[in-house]
Amino acid sequence: MIEILRTKEVDGKIVLSKEDFEKLIDELESLIETLEIISDKNLLAQISRSEEDIREGRITEVSSTEELRRMLFEV
């Protein structure tokens, strides 16, 4: 979590510095992304299966983009 400093209050409105405002926007965007992920049942299932693959050792190390291309596009 970020700390937002209330720099001053003007006419009942809170004024933030530009830096604090940008931090707040970044934090809100992150929270929205999190909500989108946890509301997508298919994506959560894929993540769960991927975590299981990792635990079970069903992973392959790829050291270059060329190696990845060969793996993905081998016929």
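List of remarks:
- Comparison of Glu9, Glu66 shows that the only residue that is exposed (fewer than 10 other Cβ atoms within 10 Å of the Cβ), outside any helix (DSSP H, G or I) and either of a type in the set (A, V, I, L, M) or without any contact (Cβ under 8 Å) to a residue 12 or more places away in the chain (or both) is Glu9.
- Selection status of Glu36, assigned to a helix (DSSP H, G or I) and free of Cβ contacts under 8 Å to residues at least 24 places away in the same chain: yes
- Some residue of region 42-56 being among the charged types (D, E, K, R), assigned to a helix (DSSP H, G or I) and modelled with pLDDT under 95: no
- Residue in region 44-51 that is surrounded by 10 or more Cβ atoms within 10 Å (Cβ to Cβ), in contact with a Leu (Cβ under 7 Å, 6 or more places away or on another chain) and without any contact (Cβ under 8 Å) to a residue 24 or more places away in the chain present: no
- Scanning region 15-30 for residues that are surrounded by 12 or more Cβ atoms within 10 Å (Cβ to Cβ) and either part of a helix (DSSP H, G or I) or modelled with pLDDT under 85 (or both) returns Asp20, Phe21, Lys23, Leu24, Glu27.
The values are calculated or read from the model by the stated rules, or taken from the named source; none is laboratory data. All of these numbers come straight from a predicted model, not from anything done at the bench. Cβ sites come from the backbone with ideal geometry, for glycine too, and all protein chains shown count toward neighbours.
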